[in-house]
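Below is one structure, written out as structure tokens; the observations come after it.
The values are calculated or read from the model by the stated rules, or taken from the named source; none is laboratory data. Note that the coordinates shown come from a computational prediction; the quantities given were computed from them, not determined experimentally. Heads up, the Cβs are rebuilt from the backbone with ideal geometry, glycines too, and the neighbour counts pull from every protein chain shown. The area values use the complete protein model at the heavy-atom level, side chains included, leaving out ligands, DNA and RNA. Shrake-Rupley method; radii C 1.70, N 1.55, O 1.52, S 1.80 Å.
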Amino acid sequence: MSAQLIDGKAFAEGLRKKVGTIAASFEVAAGRKAGLAVVLVGEDPASQVYVRSKHKATVDSGMKSFEHRLPADTDEATLLALVDQLNNDPAVDGILCQLPLPGHLDEQTVISAISPDKDVDGFHIINAGRLSVGQEGFVPCTPLGCLMLLKDRLGDLSGLEAVVVGRSNIVGKPMAQLLTDANATVTIAHSRTKDLPDVVRRADIVVAAVGRPEMVKGDWIKPGATVIDVGINRLDPEPGKDKGRLVGDVDFTSAREVAGAITPVPGGVGPMTIAVLLRNALVAAHRNEGLAVPADL
Ligand code: NDP
């Protein structure tokens with residue numbers, strides 16, 4: 001039997017619509033639009049595409065977008081001065097600095113300079129700490145989006161066995177924390193994990209965030225499990241094509257035969273990331289204005 005598809009694109013559209021409605025009420029209550037500032041240093045083509053999409057999505061949601069594009073040779077002091085200016089600008093509720101930064105800039109220094117209360121990417125060490133001890137803060141967008149998809153599909157996650165493959169600070173670790181907070185029993189697997197297929201076979205929920213094309217095979221999946229594929233990998237182009245196919249970290253064709261539900265790539269986790277970013281920016285705006293954050297946001 002073939003797994004049900006988890007339609008992240010449709011879910012993300014619904015979330016964006018909700019953000020749009022709440023952003024309009026925010027504007028009435030606060031007398032200004034919620035504002036998101038995006039800083040891009042250099043000309044990395046993928047980053048340019050992301051920044052353009054974030055700008056458009058922000059404006060489409062009825063929020064104000066502040067875009068700051070700096071040349072690749074910008075020095076640290078200039079970048080930190082811009083972050084400081086944005087930290088102190090009351091029209092800016094959320095700040096994100098598009099990664100990766102050019103090699104001469106230290107990402108941790110720059111992220112640490114962003115006010116934790118405007119750190120809508122949730123990468124600041126204070127927000128990682130808040131997540132870890134269960135305090136209100138900002139959670140990285142991709143894992144929060146995965147949790148939303150899982151709760152939408154499964155409802156209560158209490159007591160379910162979850163295996164997160166990958167332990168990065170931006171996906172794997174916060175994902176494991178969110179699943180733990182949702183009362184799942186969580187295992188974090190990584191490149192040193194022994195017998196990875198056997199570990200994954202225990203899971204009612206598999207989250208793959210590895211960065212290796214189609215690594216998780218169908219025969220690693222427990223029948224009926226829910227599979228969330230965070231991976232975005234572009235394969236080499238087939239002869240006669242200029243672009244290779246996008247695939248996830250899960251071998252979709254074989255996993256689909258065994259899983260109960262699975263996210264496709266593209267159209268699964270990917271669209272959730274920007275939708276959750278907008279959501280986080282709107283949450284920041286409510287907090288900055290001392291307004292209650294709507295419960296359904
Ligand atoms: P990282 O490279 O930072 O982390 C990868 C993790 O996978 C590491 O913890 C690593 O283990 C683990 N790993 C690598 N090889 C293996 C292996 N053979 N077996 C088991 N574990 C392994 O990646 P990210 O977390 O940043 O991203 C993961 C994937 O998610 C990528 O494909 C990325 O493109 C995608 N992504 C998608 C987003 C979206 O919007 N949908 C957003 C962010 C990322 P170790 O720690 O031991 O080295």
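Key figures for this structure:
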{"item": "Enumerated helices (runs of 4 or more DSSP H) restricted to the range 177-295, each holding at least 2 residues that are among the small types (Gly, Ala, Ser)", "result": "252-256, 270-288"}
{"item": "Members of the range 29-46 found to be closer than 22 Å to residue 284 by Cβ and either open to solvent by 70 Å² or more (accessible area, probe 1.4 Å) or of a type in the set (Gly, Ala, Ser) (or both), listed by number", "result": "29, 30, 31, 33, 34, 35, 37"}
{"item": "Test: residue in the range 5-25 that is crowded, with 20+ Cβ neighbours inside 10 Å, modelled with pLDDT of 95 or more, small (Gly, Ala, Ser) and closer than 26 Å to residue 263 by Cβ", "result": "yes"}
{"item": "Members of the range 83-110 that are farther than 12 Å from residue 284 by Cα, part of a loop (DSSP other than H, G, I, E, B) and open to solvent by less than 70 Å² (accessible area, probe 1.4 Å)", "result": "89, 98, 99, 101, 102, 105"}
{"item": "In the range 217-239, residue farthest from residue 172 (Cα to Cα) [restricted to those that are within 14 Å of the ligand (Cβ to nearest atom) and surrounded by fewer than 24 Cβ atoms within 10 Å (Cβ to Cβ)]", "result": "235"}
{"item": "Whichever residue in the range 170-216 is touching a Phe, Trp or Tyr at 6+ places or on another chain (Cβ under 7 Å) and either at pLDDT below 95 or within 11 Å of the ligand (Cβ to nearest atom) (or both) and, among such residues, is nearest to residue 154 (Cα to Cα)", "result": "200"}
{"item": "Unmet criterion (only one of (1) free of Cβ contacts under 8 Å to residues at least 60 places away in the same chain; (2) under 23 Å from residue 50 (Cα atoms); (3) not aromatic (Phe, Trp, Tyr)) for residue 148", "result": "(1)"}
{"item": "Positions within the range 125-145 being without any contact (Cβ under 8 Å) to a residue 40 or more places away in the chain and either over 14 Å from the mean Cα position of the chain (by Cα) or over 21 Å from residue 166 (Cβ atoms) (or both), in sequence order", "result": "125, 126, 127, 129, 130, 133, 135, 136, 137"}
{"item": "Some residue of the range 42-50 being of a type in the set (Asp, Glu) and outside any helix (DSSP H, G or I)", "result": "yes"}
{"item": "Residue satisfying all of: in the range 118-143; within 16 Å of the ligand (Cβ to nearest atom) and in a loop (DSSP other than H, G, I, E, B); farthest from residue 280 (Cα to Cα) among these", "result": "123"}
{"item": "Within the range 144-161, considering residues that are among the small types (Gly, Ala, Ser) and not in a helix (DSSP H, G or I), the one farthest from residue 98 (Cα to Cα)", "result": "159"}
{"item": "Condition met for residue 136 (modelled with pLDDT of 95 or more, on the phi > 0 side of the Ramachandran plot and in contact with a helix residue (DSSP H, G or I) (Cβ under 8 Å, 6 or more places away or on another chain))", "result": "no"}
{"item": "Enumeration of residues in the range 144-169 that are away from the ligand (no atom under 14 Å from the Cβ) and not charged (D, E, K, R)", "result": "150, 154, 155, 157, 158, 159, 160, 162"}
{"item": "Close pairs from the range 264-278: first open to solvent by less than 10 Å² (accessible area, probe 1.4 Å), partner part of a loop (DSSP other than H, G, I, E, B) and near the ligand (Cβ under 8 Å from one of its atoms), Cβ under 8 Å, at least 6 apart", "result": "268/248; 269/230"}
